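Engineer: Here it is: the structure, laid out below.
The values are calculated or read from the model by the stated rules, or taken from the named source; none is laboratory data. Small disclaimer: the values here were computed from a predicted structure and weren't measured. Here the Cβ is made from the backbone with ideal geometry for all residues, glycine too, and neighbour counts use every protein chain on show. With ligands, DNA and RNA removed, areas are computed over all heavy atoms of the protein, side chains included. Shrake-Rupley method; radii C 1.70, N 1.55, O 1.52, S 1.80 Å.
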Amino acid sequence: MAAQHFSQPRSKVNDFALKLANVNGTGSSSANNLLMRSIFRMGVPVSGKNLFPSNIQGLPTWYEIRVNKDGHVARARTYDLMVAMNGQTYARDIAEVASGGFTMYDSSWPLDRDLIREDVTYLGVPLAEMCNDEFRGPRERILMKNIACAGALVAMLGIDMEVIAQLLTEQFAGKDRLRESNQRALRLGHDFATSHFDYPLPCRVETMDATRGSILIDGNTAAALGCVYAGATVAAWYPITPSTSLMDAFAKYCAKFRIDPETGRNNYLVLQAEDELAAIGMVLGASWAGARAFTSTSGPGISLMQELLGMGYYAEIPAVIFDVQRVGPSTGMPTRVQQADILACAYASHGDTKHVLLFPANPAECFEMAATAFDLAERFQTPVFVLSDLDIGMNDWVSPALAWDDSYVPDRGRVLDAGELRELEVYHRYEPADSESVAARTLPGVSELGAYFTRGSGHTIEGGYTEYPEEYQAVLDRLARKHTAAAEHTPAPLVDQRANSSLAIVTLGSCELAVQEAIELLADRGITADYMRVRGFPFGAGVRAFLEAHDRIVVVEQNRDAQLRTLFTLETPVPKEKLESVLAYGGYPLSAEDVVDGVTKILGG
């Protein structure tokens, strides 16, 4: 076969999007990660989004890589290079290729003429044929086909083969046979590409130095490590996508760092409960006894925890809940992303409740906010939610190396010891309260002078049972004041007012990358906007001041019902007429184009 030549569109060095379409269960994940990590090792800003189905095998799966020298690595909507390896989705995949782009496919079988676009260049690589000739077992042939495809991409994208070789050496350390077969498959695809195509493509990678001091890490791993550093020793959970890997990582780190060096005994406890309601019950029990305890879950788990979350709020027991949000309602789409648990967590449980929420935007903040969550939970004696999402939790992100302040001292809140109890005439659990409406608690076993009955039923400020309205209301009103006081201790919003515009764009969580890129794209069109990312609830003075300072506010979030916008209208004085929404809730991570289109439509452009 003669080498294929194609007209060269404009060069897109370190600025392109690549999508790999495959079938779940064929081992494509390893090859995809290899490509993404190699680009990171070459010093180029990159992101990888794994769009996988909720079954084990057989359904379509995609992996999207965005490369951008300026750090704009939110999800793209069109792709400069599509690797079409799944016949079920050929039509959809090829339709997403940008005009002037490329499609690589397995030419062991002919491509239907109906799929041919005149504005797309097709790169046929006979992957199945080559791997059938080179490898023996059927499973090995399937797995190595993906590695051979990666080899062809290494050539076409100009990825450094030495970087790839080093990654394989690290990945298969002590597994010489596996390393050799992967290297052989990689070379198979690489050599075919270099002998049959012009290479590299116009969309290609060149070495930079933009990732120095950074790491690749997912949010669940970072959050788990943050819990270890924050002093968490008890965790209870029921497995659920996409949060299970958080607890897996916590158990792994505890097994390494929470072992008594003298006795060899575990200084931690991880419990798999029978369901999420039992899990939060275990967390509340451990926290009541003085441990730093947490659970990880997702939306369906939050639904099941409602009753005991209300008890934690009313009985004033610390707890930390990591909610790695996914698509709902009901089972929804377990492997797709949304931000649709905001209101469910803010007001979790029946009756009048208000909870503290933290909104990390990336793995580094998952790590940092773990300690913040435990400090707030114990300072204010209440459940605290960390609302991550599937995109943050399960995808690898380029992150600054995690940093920890060794002088950190946990804020355990107001906890009386035996000596302090002896100095009191009498101890009452819920009074006197301090300036933040927090009363001192005691821990079981410290002193009988600090004993009290913990109840979720109506109680007085002394902790006794009551059904008198004025006694019940006194406690509930103090809880409201306590929640308000927490506002000045939640993370401050991140604000960029360089434009000094009357228009503002407000968002939270993983929307940040797409929104920041969109603001630059809008500026190119002459539309200037100030920016705020909310990082905590209740909203502090910084959030209120920003909302008051702008005439028109677009709230960008990933749910159908504008939940952050609703929270603003309920919990701040901002007139609802000032607030408008850009909503994305189909399950894919947000793109800058989604934001630009939404804002332009609102402005009548």
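Engineer: Could you list, in sequence order, the residues of the range 566-605 that are among the basic types (Lys, Arg) and either in contact (Cβ under 8 Å) with a residue 12 or more places away in the chain or within 17 Å of Phe546 (Cβ to Cβ) (or both)? Spell out the reasoning first.
Structural biologist: Keep residues of the range 566-605 that are among the basic types (Lys, Arg), which gives 576, 578, 601.
Lys576, Lys578, listed by residue number.
Engineer: Next question, about the same structure. Out of (1) under 17 Å from Tyr90 (Cβ atoms); (2) open to solvent by 30 Å² or more (accessible area, probe 1.4 Å), what's the single condition that is false for Leu143?
Structural biologist: (1)
Engineer: Sort out which residues of the range 455-475 are touching a helix residue (DSSP H, G or I) at 6+ places or on another chain (Cβ under 8 Å) and either surrounded by fewer than 16 Cβ atoms within 10 Å (Cβ to Cβ) or in the same structural domain as Asp352 (by TED's automatic domain parsing) (or both), and write them in order of number.
Structural biologist: Arg455, Gly456
Engineer: For the range 146-164, enumerate the residues that are of a type outside the set (S, T, N, Q) and in contact (Cβ under 8 Å) with a residue 60 or more places away in the chain.
Structural biologist: Within the range 146-164, the first condition is being of a type outside the set (S, T, N, Q), and the residues that meet it are 147-164.
Ile147, Cys149, Ala150, Leu153, Val154, Met156, Leu157, Ile159, Asp160, Val163, Ile164, listed by residue number.
Here's the yes/no breakdown for (1) over 23 Å from Thr484 (Cα atoms); (2) touching a Leu at 6+ places or on another chain (Cβ under 7 Å); (3) in the same structural domain as Ile342 (by TED's automatic domain parsing); (4) surrounded by 19 or more Cβ atoms within 10 Å (Cβ to Cβ):
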residue: Val556; (1), (2), (3), (4): yes, no, no, yes
residue: Arg560; (1), (2), (3), (4): yes, yes, no, no
residue: Lys578; (1), (2), (3), (4): yes, no, no, no
residue: Val582; (1), (2), (3), (4): yes, no, no, yes
residue: Gly586; (1), (2), (3), (4): yes, no, no, no
residue: Val596; (1), (2), (3), (4): yes, yes, no, yes
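Engineer: Got a sec? Which of Ser447, Ser437 is over 14 Å from Gln381 (Cβ atoms) and out of contact with any strand residue (DSSP E or B) (no Cβ under 8 Å at 6 or more places or on another chain)?
Structural biologist: Ser447
Engineer: So, in the range 432-443, exactly how many residues are open to solvent by 60 Å² or more (accessible area, probe 1.4 Å) and of a type outside the set (Ser, Thr, Tyr)? Full working, then the answer.
Structural biologist: Keep residues of the range 432-443 that are open to solvent by 60 Å² or more (accessible area, probe 1.4 Å), which gives 432, 435.
Going one step further and asking which of them are of a type outside the set (Ser, Thr, Tyr), we end up with 432.
Adding up the residues that qualify gives 1.
Engineer: Just to be sure, is Thr169 open to solvent by less than 40 Å² (accessible area, probe 1.4 Å) and either touching a strand residue (DSSP E or B) at 6+ places or on another chain (Cβ under 8 Å) or assigned to a helix (DSSP H, G or I) (or both)? It would help to see each step written out before you state the result.
Structural biologist: Values: open to solvent by less than 40 Å² (accessible area, probe 1.4 Å): no; either touching a strand residue (DSSP E or B) at 6+ places or on another chain (Cβ under 8 Å) or assigned to a helix (DSSP H, G or I) (or both): yes.
No; evaluated as a whole, the condition is false for this residue.
Engineer: Would the range 242-264 turn up any residue that is among the hydrophobic types (A, V, I, L, M, F, W, C), open to solvent by less than 20 Å² (accessible area, probe 1.4 Å), more than 30 Å from Asn55 (Cβ to Cβ) and in contact with a strand residue (DSSP E or B) (Cβ under 9 Å, 6 or more places away or on another chain)? Can you show your working first?
Structural biologist: First, the residues of the range 242-264 that are among the hydrophobic types (A, V, I, L, M, F, W, C): 246-247, 249-251, 254-255, 257, 259.
So of that shortlist, the ones also open to solvent by less than 20 Å² (accessible area, probe 1.4 Å) come out as 246-247, 249-250, 254.
Those left that are additionally more than 30 Å from Asn55 (Cβ to Cβ): 254.
Remaining after also requiring in contact with a strand residue (DSSP E or B) (Cβ under 9 Å, 6 or more places away or on another chain): 254.
Yes: the range 242-264 contains one or more residues that are among the hydrophobic types (A, V, I, L, M, F, W, C), open to solvent by less than 20 Å² (accessible area, probe 1.4 Å), more than 30 Å from Asn55 (Cβ to Cβ) and in contact with a strand residue (DSSP E or B) (Cβ under 9 Å, 6 or more places away or on another chain).
Engineer: Taking only the range 48-73 into account, find how many residues are crowded, with 20+ Cβ neighbours inside 10 Å, of a type in the set (Lys, Arg) and more than 25 Å from Arg117 (Cα to Cα).
Structural biologist: Here the count works out to 1.
Engineer: Might you check whether a residue that is at pLDDT 95 or above, surrounded by 24 or more Cβ atoms within 10 Å (Cβ to Cβ) and either part of a helix (DSSP H, G or I) or of a type in the set (Gly, Ala, Ser) (or both) occurs anywhere in the range 326-334?
Structural biologist: No, the range 326-334 contains no residue that is at pLDDT 95 or above, surrounded by 24 or more Cβ atoms within 10 Å (Cβ to Cβ) and either part of a helix (DSSP H, G or I) or of a type in the set (Gly, Ala, Ser) (or both).
Engineer: With in the same structural domain as Ile39 (by TED's automatic domain parsing), in contact with a strand residue (DSSP E or B) (Cβ under 7 Å, 6 or more places away or on another chain) and open to solvent by less than 30 Å² (accessible area, probe 1.4 Å) as the only criterion, which of Gly189, Gly137 stands out?
Structural biologist: So the residue among Gly189, Gly137 that is in the same structural domain as Ile39 (by TED's automatic domain parsing), in contact with a strand residue (DSSP E or B) (Cβ under 7 Å, 6 or more places away or on another chain) and open to solvent by less than 30 Å² (accessible area, probe 1.4 Å) is Gly189.
Engineer: Now, a different point. Please go through the range 392-404 and pick out each residue that is open to solvent by less than 20 Å² (accessible area, probe 1.4 Å) and out of contact with any strand residue (DSSP E or B) (no Cβ under 7 Å at 6 or more places or on another chain).
Structural biologist: Just the residues of the range 392-404 that are open to solvent by less than 20 Å² (accessible area, probe 1.4 Å), to begin with: 392-393, 395, 399.
Passing the criteria: only Ile392.
Engineer: Related question: Take the residues in the range 387-405 that are among the small types (Gly, Ala, Ser) and assigned to a loop (DSSP other than H, G, I, E, B), then tell me which one is nearest to Tyr347 (Cα to Cα). So that I can check it myself, show each step before the final result.
Structural biologist: Kept after step one, since they are among the small types (Gly, Ala, Ser), are these residues of the range 387-405: 388, 393, 399, 401, 403.
Now drop any that are not assigned to a loop (DSSP other than H, G, I, E, B), which leaves 401, 403.
Values: Ala401: 35, Ala403: 33 Å.
Within the range 387-405, the match that is nearest to Tyr347 (Cα to Cα) is Ala403.
Engineer: Quick check, is Glu134 under 28 Å from the mean Cα position of the chain (by Cα) and modelled with pLDDT under 95? Talk me through it step by step, then tell me what you get.
Structural biologist: Details: under 28 Å from the mean Cα position of the chain (by Cα): no; modelled with pLDDT under 95: yes.
No: the conditions fail for Glu134.
Engineer: Looking at the range 480-496, I want the residues that are under 9 Å from Glu436 (Cα atoms) and have a partner that is open to solvent by 70 Å² or more (accessible area, probe 1.4 Å) and not in a helix (DSSP H, G or I) with Cβ atoms under 8 Å, at least 6 apart or on another chain. Which pairs are those?
Structural biologist: Taking only residues 6 or more apart or on different chains, the pairs are His483/Lys354; Ala485/Ser435.
Engineer: What are the residues in the range 93-145 that are more than 20 Å from Glu180 (Cα to Cα), among the small types (Gly, Ala, Ser) and touching a residue at least 12 places away in the same chain (Cβ under 8 Å), if any?
Structural biologist: Once the filter is applied, which keeps residues that are more than 20 Å from Glu180 (Cα to Cα), among the small types (Gly, Ala, Ser) and touching a residue at least 12 places away in the same chain (Cβ under 8 Å), the range 93-145 yields Ala98, Ser99, Gly100, Gly101, Ser107, Ser108, Gly124.
Engineer: Kindly list, by first and then second residue, each pair from a residue in the range 420-441 that is assigned to a loop (DSSP other than H, G, I, E, B) to a residue that is surrounded by fewer than 17 Cβ atoms within 10 Å (Cβ to Cβ) and modelled with pLDDT under 95, limited to pairs with Cβ atoms under 6 Å and residues at least 6 apart or on different chains.
Structural biologist: Pairs that qualify, where the first residue is assigned to a loop (DSSP other than H, G, I, E, B) and the partner is surrounded by fewer than 17 Cβ atoms within 10 Å (Cβ to Cβ) and modelled with pLDDT under 95, are Arg429/Tyr452.
Engineer: For the range 74-99, what are the residues that are of a type in the set (Val, Ile, Thr) and open to solvent by 20 Å² or more (accessible area, probe 1.4 Å)?
Structural biologist: Thr78
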